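Before any comments, here is the structure.
The values are calculated or read from the model by the stated rules, or taken from the named source; none is laboratory data. Worth saying up front: this structure is predicted, and the values here are computed from it rather than measured. No Cβ is skipped: glycine too gets one built from the backbone with ideal geometry, and neighbour counts run over all protein chains shown.
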Amino acid sequence: MIIESSITLDGPVKEVWEKLLDPACLKNCIPGCESISVRSNGEFEGTVKVKIGPIKARFDVVLTIVEKQPPVRLVSKALGRDRFQTGRFTQENQLILEELHPNRTRLTYTSEITISGKIATFGERVFRAKAKEMEENFLASLSDILKHGGRKP
Amino acid sequence: MKDMRYIRAASVTEITDNLKKYGDKAKILAGGQSLVTLLKQRLVSPNVLIDISRVADLNFIRKTKKTLKIGALTTHRQIETDPFIREHLPILADMEKQLASVQIRNLGTLGGNLCHADPAGDLAPPLIALGAKLKLISATGARTVLAENFFKDFFETAIRPDEVLAEIHVPLLPYFGNAVYIKHSTRGVDTTIIGVAAFISKDIDTCREVRLCVGGVGSVPIRAKNAEAAIRGKAVSKKIMAEAGKKAREEISPVSDLQGSAEYKKELIEVFIQRALKAASKGGRKGA
């Protein structure tokens, strides 16, 4: 599944770039994120809880930065494993930042997500829609944080 | 596998008492056609399983003057084969004929289907189009919610952890009213890609009331309200139905998945809204 979208954010390119690599900001933006930290080798690790009706999954996620061209392009890979062995997902992301105005930045986002395991057999169609919803919430929170001077309202 | 307490409830009071005691630690088992699959795959593992399948008080089809009352434990097959429903609410019998396989219809219950709240479920769109209400009972009382307001998200409903769905109240069709349900799936027993229910009541040729509900294209069944507004109060013509199809296509945003792209589903919405309206406005019952 490929999710693509684009959003215009308030803030200079450099600030948006920093926010995207700031664990504290990411924790506030990723829906269901319980913890996030940076390993010594630059990888991000964290826990994300996803609930769909009666099904609850808690993914241990490791995100690796594959390519970094500050402050315009970021390619990353994520692998999430559910603690209760119900499934896993892999995700390949590409983020592109573009300066529209000294204080306006366009973020273009492409993410390819693969879901496997029991969780996928249960509801591939549901998880697709859920992933899209999570991505929309992520961008909305990020936009809020930038609008309110780096603090979550 | 973790330990699970199994309770077989013998009456409605026993169900509500146990729900009061265990709340969201408990899951209700009715026909088992959705929950058992989830239990088997260990996607769901409740501490307590309350088996309500033997509660005879929740299995009935009763007609009152203007409403058909259906107990939540009534099976799909009972609805499909009920002579009164076949004659007076044929939309429900027709829908059941298209729902899964006969083996599933023999065991699956209406209440179980609704509470599982699969967005591709076939039962919800006809009930919403007909303006049905759901009666929920808890140890402290009962309340009624419109079927339309029951569904909150994928597999999530307005039901509280201490409540059980007890009855479904379906208004009987008005004399000059008709309702139909049509759906599309790859094979008959596959997941519904789109299901459209249409209810129309008419004054001679003019549409007095209309309700359109589309299933399978969002997190919950969706009322196509802009499409309804395009028809309400107007003479039902081919042009108006085409206009309603276009409105529905614009107001609903399906997501691409293995069953089809978003664009394909939008096309299905437009076509199926028109087909459902055409069939529903063609009189049906009592030549309305």
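Structure notes:
- Residues that are among the charged types (D, E, K, R) and farther than 24 Å from B:Pro254 by Cβ, drawn from region B:95-124: B:Glu96, B:Lys97, B:Arg105
- Counted residues, region B:2-28 - those being more than 12 Å from chain A (Cβ to nearest Cβ), outside any helix (DSSP H, G or I) and of a type outside the set (Gly, Ala, Ser): 6
- Only one of the numbered conditions (1) in a loop (DSSP other than H, G, I, E, B); (2) over 19 Å from the mean Cα position of the chain (by Cα); (3) modelled with pLDDT of 95 or more is not met by B:Ser45, and that is (3).
- Out of B:Ala117, B:Ala100, B:Ala56, B:Ala93, sole residue that is on the phi > 0 side of the Ramachandran plot and surrounded by fewer than 24 Cβ atoms within 10 Å (Cβ to Cβ): B:Ala100
- Some residue of region B:223-243 being in contact with a Gly (Cβ under 6 Å, 6 or more places away or on another chain) and either among the basic types (Lys, Arg) or more than 14 Å from every other protein chain (Cβ to nearest Cβ) (or both): no
- Restricting the search to strands (runs of 3 or more DSSP E) fully inside region B:125-206 and requiring at least 3 residues that are in contact (Cβ under 8 Å) with a residue 60 or more places away in the chain and within 19 Å of B:Ala244 (Cα to Cα) gives B:177-184, B:194-203.
- Region B:7-28: number of residues that are loosely packed, with under 14 Cβ neighbours inside 10 Å, closer than 21 Å to A:Ile55 by Cβ and not basic (Lys, Arg): 2
- Test: residue in region B:142-162 that is closer than 19 Å to B:Thr64 by Cβ and among the acidic types (Asp, Glu): no
- The test for being at positive phi and either at pLDDT 90 or above or within 14 Å of another protein chain (Cβ to nearest Cβ) (or both) does not hold for A:Gln69.
- Those residues of region A:33-57 which are within 14 Å of chain B (Cβ to nearest Cβ) and modelled with pLDDT of 90 or more, in sequence order: none
- The listed residue being touching a helix residue (DSSP H, G or I) at 6+ places or on another chain (Cβ under 8 Å), part of a helix (DSSP H, G or I) and in contact (Cβ under 8 Å) with a residue 24 or more places away in the chain, out of B:Ile91, B:Ile50: B:Ile91
- For region B:244-288, filtering for residues that are within 14 Å of chain A (Cβ to nearest Cβ), assigned to a helix (DSSP H, G or I) and of a type in the set (Ser, Thr, Tyr) leaves 1.
- Within region A:1-53, being part of a strand (DSSP E or B) and within 11 Å of the chain's Cα centre (by Cα) holds for A:Cys33, A:Val48.
- Residues in region A:68-87 that are over 15 Å from A:Glu45 (Cα atoms) and charged (D, E, K, R): A:Lys68, A:Arg73.
- Qualifying residues in region B:29-38 (those that are within 13 Å of another protein chain (Cβ to nearest Cβ) and crowded, with 18+ Cβ neighbours inside 10 Å) - the one nearest to A:Lys56 (Cα to Cα): B:Leu38
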